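The values are calculated or read from the model by the stated rules, or taken from the named source; none is laboratory data. The structure displayed is predicted, hence computed values, not measured ones. Every residue, glycine among them, receives a Cβ derived from its backbone with ideal geometry; neighbour counts consider all protein chains shown.
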Amino acid sequence: MECRVLSIQSHVVRGYVGNKSATFPLQVLGFEVDSINSVQFSNHTGYAHWKGQVLTAEELNELYEGIKLNKVNHYDYILTGYSRDTSFLEMVVDIIKELKEANPSLVYVCDPVMGDHGAMYVPEYLLPVYRDKVVPLADILTPNQFEAELLTGRKITTEEDAVEVMDLLHKMGPKTVVLTSSDLPSKRGDQFLVALGSQTIVKPDGTNTSQKICIDIPKVDAVFVGTGDLFAALLLAWTHHHPKDLKAACEKTVSVMHHVIKRTITYAHELAGPGKRPSPAQLELRMVQSKADIENPAIVVEAKVLQKSSH
Amino acid sequence: MECRVLSIQSHVVRGYVGNKSATFPLQVLGFEVDSINSVQFSNHTGYAHWKGQVLTAEELNELYEGIKLNKVNHYDYILTGYSRDTSFLEMVVDIIKELKEANPSLVYVCDPVMGDHGAMVRTPPTFQVMDLLHKMGPKTVVLTSSDLPSKRGDQFLVALGSQTIVKPDGTNTSQKICIDIPKVDAVFVGTGDLFAALLLAWTHHHPKDLKAACEKTVSVMHHVIKRTITYAHELAGPGKRPSPAQLELRMVQSKADIENPAIVVEAKVLQKSSH
């Protein structure tokens, strides 16, 4: 498999977020990963302390120029995640446009990281940049419920709302949309959260249809960091292997997430000791220990196909 | 295996040198790798063009401070390679000293990258060189390549190693080995960084058996290099010399060889000497 990914995300010295979270799984699955580190921090910002440096839009452009001058600016995938800086994000947009011209079949996997549980954790002025410039370029989008609501201006309270919002997101650009989590009630009870996905497919007669799926994901009582970055990287890998089967791609992605998270929470509790809440350091994803699960995941979730609709 | 490595090396967006070369093999072998990127460049400097930014000594210290403030400055290994900057290197030294105080059994794997194929006015015989290096600090020394003639002919280069071992009676002895390595007609970049990372991994599993550690290390190198040169020639086409981009190590494709190398070289034990 000759597949080259350009991933533009954070680097942390210790732990697994951003490029640290995305690179190992993709490499283990045989992808060539070129990585531009948008920041270099000691660790993620959920620890008591963090220190480091950020890359400016000019420095990002410089790195891209080096790749371009050597005529190796050819990628099959681009992957982006957390960003705090509009000028940086706009430079990313310019780079993606140029790379798409160089390779029209390039797939841009975009995690529009803006917030969760009703609150934004990036500056508000990033929303119009995502909505108007970034998302239109995306081929695969992985918003959570809050981010999907921000981008479309619509609230999600029922499964029908979620389906409408995913269709609105398709109209904005991406053919594949996965709502990575939602507050929708699961039929399996309150120990589960609901994720949904939608993929538009062009039928032989030229009309569009979409396959919509939903998955019940077991909740885990802990705050993990880097899981969204891991999810997007895994979704890239598994949609690559199952480009027209979002059900299969999501089942594999969510299954790997489950194994990594289980291993992580078990180890974190061992480290913390009985009755103690694990620290951010103890809750770092057990990434290298999960290599076998990443390579060949036992499937532990089943996605339900919701409906096919023509539009 | 709970083993944490701090690797302070270059990062390139594309290709395999520095931390890009060292991290994947170590992770694949189950090591936790914390990496401080001393530079971020588009690619290594053997390409026609390269662009990027360097980390200052102050910025390095800042990153270390973050780790320290969170009380997670505990490592089993440190790994360093190419550096161009004395103040950066001196900051690295200060960090290593502090980490060794925090964990006295920390092992520092150092590739003293300074040059290659240079002229020396006089060199002492190789054994003496390795013993002199032991006296300066390291218990394990591997001369990763030399111009010494191989008994197997001019298609081979000679690498040597020496490890001091403390005998039960408290005196030192050393095990010295040599390996004949098949030459490859190409210039690779990042192979030294890969070698050091692999040697870290295999000496971890064979701490008193330098012969075994080197045989595994050199065997993995051989598989990666063969795969790389084959692919490079496919890309370049017949009769054409592959470009630096085409000669990038086939790292992710070599995962199985890294995990479980078929041993393709045999190290010779030279002699044990007491001193």
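The figures follow:
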{"quantity": "Where B:VAL39 falls short, out of the listed (1) facing chain A (nearest Cβ under 9 Å); (2) surrounded by fewer than 22 Cβ atoms within 10 Å (Cβ to Cβ); (3) part of a strand (DSSP E or B)", "calculated": "(1)"}
{"quantity": "Residues of segment A:1-16 that turn out to be β-branched (Val, Ile, Thr) and in contact with an Asp or Glu (Cβ under 6 Å, 6 or more places away or on another chain), as a count", "calculated": "1"}
{"quantity": "Only listed residue being within 14 Å of another protein chain (Cβ to nearest Cβ) and not basic (Lys, Arg), chosen from B:GLU58, B:GLU98", "calculated": "B:GLU58"}
{"quantity": "Test result for A:HIS49, surrounded by fewer than 21 Cβ atoms within 10 Å (Cβ to Cβ), more than 7 Å from chain B (Cβ to nearest Cβ) and in a loop (DSSP other than H, G, I, E, B)", "calculated": "no"}
{"quantity": "Selection count, segment A:122-144, where residues are surrounded by fewer than 13 Cβ atoms within 10 Å (Cβ to Cβ) and either aromatic (Phe, Trp, Tyr) or touching a His at 6+ places or on another chain (Cβ under 8 Å) (or both)", "calculated": "1"}
{"quantity": "Restricting segment A:145-177 to residues that are among the hydrophobic types (A, V, I, L, M, F, W, C) and touching a helix residue (DSSP H, G or I) at 6+ places or on another chain (Cβ under 6 Å), the residue that is surrounded by the most Cβ atoms within 10 Å (Cβ to Cβ)", "calculated": "A:VAL177"}
{"quantity": "Meets criteria (over 23 Å from B:LEU79 (Cβ atoms) and either surrounded by fewer than 22 Cβ atoms within 10 Å (Cβ to Cβ) or without any contact (Cβ under 8 Å) to a residue 60 or more places away in the chain (or both)) for B:VAL218", "calculated": "no"}
{"quantity": "Residues that are assigned to a helix (DSSP H, G or I), surrounded by fewer than 20 Cβ atoms within 10 Å (Cβ to Cβ) and not small (Gly, Ala, Ser), drawn from segment A:257-280", "calculated": "A:HIS258, A:HIS259, A:LYS262, A:ARG263, A:ILE265, A:THR266, A:TYR267, A:HIS269, A:GLU270, A:LEU271"}
{"quantity": "Answer residue from segment B:231-256, given it is part of a helix (DSSP H, G or I) and more than 14 Å from every other protein chain (Cβ to nearest Cβ) and is farthest from B:VAL28 (Cα to Cα) among those", "calculated": "B:ALA236"}
{"quantity": "Unique residue being touching a strand residue (DSSP E or B) at 6+ places or on another chain (Cβ under 9 Å), within 23 Å of A:LEU79 (Cβ to Cβ) and of a type outside the set (S, T, N, Q) when the list is B:PHE31, B:PHE41", "calculated": "B:PHE41"}
{"quantity": "Selection from segment A:145-187 of residues that are in contact with a strand residue (DSSP E or B) (Cβ under 9 Å, 6 or more places away or on another chain) and of a type in the set (Val, Ile, Thr)", "calculated": "A:ILE156, A:VAL163, A:VAL165, A:THR176, A:VAL177, A:VAL178, A:THR180"}
{"quantity": "Selection count where residues are surrounded by fewer than 21 Cβ atoms within 10 Å (Cβ to Cβ), touching a strand residue (DSSP E or B) at 6+ places or on another chain (Cβ under 9 Å) and closer than 13 Å to B:PHE41 by Cα, scope segment A:52-70", "calculated": "2"}
{"quantity": "Criterion violated by A:LYS304 - all others in (1) out of contact with any helix residue (DSSP H, G or I) (no Cβ under 7 Å at 6 or more places or on another chain); (2) surrounded by fewer than 19 Cβ atoms within 10 Å (Cβ to Cβ); (3) more than 18 Å from A:LEU193 (Cα to Cα) satisfied", "calculated": "(3)"}
{"quantity": "B:LEU79 being over 22 Å from A:TRP50 (Cβ atoms), more than 14 Å from chain A (Cβ to nearest Cβ), hydrophobic (A, V, I, L, M, F, W, C) and under 21 Å from the mean Cα position of the chain (by Cα)", "calculated": "no"}
{"quantity": "Residue within segment B:61-69 that is facing chain A (nearest Cβ under 8 Å), small (Gly, Ala, Ser) and within 19 Å of B:GLY15 (Cβ to Cβ) present", "calculated": "no"}
{"quantity": "Every residue from segment A:49-86 that is modelled with pLDDT of 95 or more and of a type in the set (Lys, Arg)", "calculated": "A:LYS51, A:LYS68, A:LYS71"}
{"quantity": "Criterion (buried (at least 24 other Cβ atoms within 10 Å of the Cβ) and among the polar types (S, T, N, Q)) met by exactly one of A:THR207, A:THR180, A:THR200", "calculated": "A:THR180"}
{"quantity": "Enumeration of residues in segment B:71-85 that are over 23 Å from B:TYR16 (Cα atoms) and surrounded by fewer than 20 Cβ atoms within 10 Å (Cβ to Cβ)", "calculated": "B:LYS71, B:HIS74, B:ASP76"}
{"quantity": "Filter pass, B:VAL5 being facing another protein chain (nearest Cβ under 9 Å), closer than 17 Å to A:MET287 by Cα and aliphatic (A, V, I, L, M)", "calculated": "no"}
{"quantity": "Residue in segment B:88-104 that is within 30 Å of B:ILE67 (Cβ to Cβ), touching a residue at least 60 places away in the same chain (Cβ under 8 Å) and of a type in the set (Phe, Trp, Tyr) present", "calculated": "no"}
{"quantity": "Any chance B:PHE88 is farther than 30 Å from B:LEU148 by Cα, in contact with a strand residue (DSSP E or B) (Cβ under 7 Å, 6 or more places away or on another chain), more than 14 Å from every other protein chain (Cβ to nearest Cβ) and surrounded by 18 or more Cβ atoms within 10 Å (Cβ to Cβ)", "calculated": "yes"}
{"quantity": "Hits in segment B:71-123 (condition: of a type outside the set (Val, Ile, Thr), part of a loop (DSSP other than H, G, I, E, B) and over 22 Å from B:THR45 (Cβ atoms))", "calculated": "B:LYS71, B:ASN73, B:HIS74, B:TYR75, B:ASP76, B:ASN103, B:PRO104, B:SER105, B:LEU106, B:ALA119, B:MET120, B:ARG122"}
{"quantity": "Number of positions in segment A:24-35 that are within 8 Å of chain B (Cβ to nearest Cβ) and assigned to a helix (DSSP H, G or I)", "calculated": "3"}
{"quantity": "Meets criteria (assigned to a helix (DSSP H, G or I) and in contact with a Pro (Cβ under 7 Å, 6 or more places away or on another chain)) for B:SER219", "calculated": "yes"}
